[in-house]
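Working notes, beginning with the structure itself.
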Amino acid sequence: MGRGSVMTMGSVLLLCLLIHTEIADAATYVVGDRRGWTFNTAGWTRGKRFRAGDVLVFNYSPSAHNVVAVSAAGYNSCSAPRGSRFLTSGKDRVTLSRGTNYFICSFTSHCQSGMKIAVTAV
């Protein structure tokens, strides 16, 4: 094996180790803790440090609520644009992307009543 091949293999192994470490460090958070995904959960994020790759678990009654990932505009206006992905299992798992991730409940007046969260992941 030539010197270049050894360096390339070493770089690939280091990259794999870094990816594995980042995945292993991912945390799982239950939105709303014991209360679950319900009204007035916006403050639930305070004091928590989220990272890209962390998983949010939304526990709720599917006959009463849902979860929709929206943009900042959708969050502020409490609206889910056409084509949005509605999560309805009652035990939804969402992996956070880097930046701010916005979620609302799209049932009538739920978002306006505080059933929404903005989660910033570094």
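Where a number appears in this text, it was derived from the coordinates with a stated rule and is not lab data. Keep in mind it's a predicted model, so treat the numbers as computed, not measured. Cβ coordinates were reconstructed from backbone atoms using ideal geometry, including for glycine residues, and neighbour counts include every protein chain displayed.
Structure notes:
- Residues in region 101-122 that a label on residue 61 would reach, taking backbone N under 19 Å of a point 7 Å out along Cα→Cβ: 105-116
- Under 12 Å, Cβ to Cβ, from residue 105 - net charge with Lys/Arg +1 and Asp/Glu -1: 0
- Evaluating 6.51 cos²θ - 1.76 cosθ + 1.60 at θ = phi - 60° for every residue in region 109-114, the Karplus couplings come out as 6, 5, 4, 4, 8, x Hz, glycine and proline recorded as x.
- Listed peptides 41-54, 94-107 by packing density, highest first (mean Cβ within 10 Å): 94-107, 41-54
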